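Worksheet: one structure, shown below.
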Amino acid sequence: MPSVRLSYFALLREQRGLSQETVVTSAATPGELYRELAQRHRFSLPVDRVRVAIDGEFTAWDTPLRDGVELVFIPPVAGG
């Protein structure tokens, strides 16, 4: 099972109560991992409202997860 470093921003950081953590997961893709975490931490944003990046590059939700990657979930950000 891969160990993944996670970073959360904005609303997801508020809902999780952390900005970073490392998790060991059986999820095979970022999409599976987000759904797992959304259920566990009660994230209010559906997957289609969030972007995902692996090791600093935006990626698809079905990209295979590898051990040791840094994964970032990026919610929509309002600006002014």
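Where a number appears in this text, it was derived from the coordinates with a stated rule and is not lab data. In this text, all values refer to a predicted model and were calculated from it rather than measured experimentally. FYI the Cβ positions are ideal-geometry reconstructions off the backbone, even for glycines, and counts take in every protein chain you see.
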Q. Taking the Cα centre of segment 3-74 as the origin and placing charges on Cβ (Lys, Arg +1; Asp, Glu -1), which of Gly68, Leu37, Ile54 is farthest toward the positive end of the dipole?
A. Leu37
Q) Does anyone have the angle between helix 30-41 and the longest principal axis of the chain? Alpha-carbon axes, 0 to 90°, nearest 10? A) 60
Q) When the Karplus curve 6.51 cos²θ - 1.76 cosθ + 1.60 is applied with θ = phi - 60°, which whole-Hz ³J(HN,Hα) does each residue of segment 2-7 get, with x for Gly and Pro? A) x, 9, 10, 8, 10, 10
(Q) Test of understanding: ordering Asp48, Asp62 by Cβ neighbours within 10 Å, fewest first, what list do you get? (A) Asp48, Asp62
Q: Name the residues whose placed amide hydrogens come within less than 5 Å of the amide hydrogen of Tyr8, ignoring near sequence neighbours (fewer than 5 apart) on the same chain.
A: Gln20
Q. Do any chymotrypsin sites (Phe, Trp or Tyr not before Pro) in segment 1-69 lie in a loop, going by DSSP, with at most 14 other beta-carbon atoms within 10 Å of their beta carbon, and if so which?
A. Phe9
Q | Diffusion constant of the chain at 37 °C, which comes from Stokes-Einstein with the Kirkwood Cα-pair radius and 0.692 mPa s, µm²/s | A | 262
Q: For segment 64-77, just list the computed ³J(HN,Hα) in residue order, Karplus coefficients 6.51, -1.76 and 1.60, θ = phi - 60°, integers in Hz, with x standing in for Gly and Pro.
A: x, 7, 10, 4, x, 6, 9, 10, 10, 9, 10, x, x, 10
Q.
Show me, for segment 8-15, the HN-Hα J-couplings you get by feeding each phi into the Karplus relation (A = 6.51, B = -1.76, C = 1.60, θ = phi - 60°), rounded to Hz, glycine and proline as x.
A. 10, 10, 6, 4, 5, 5, 5, 5
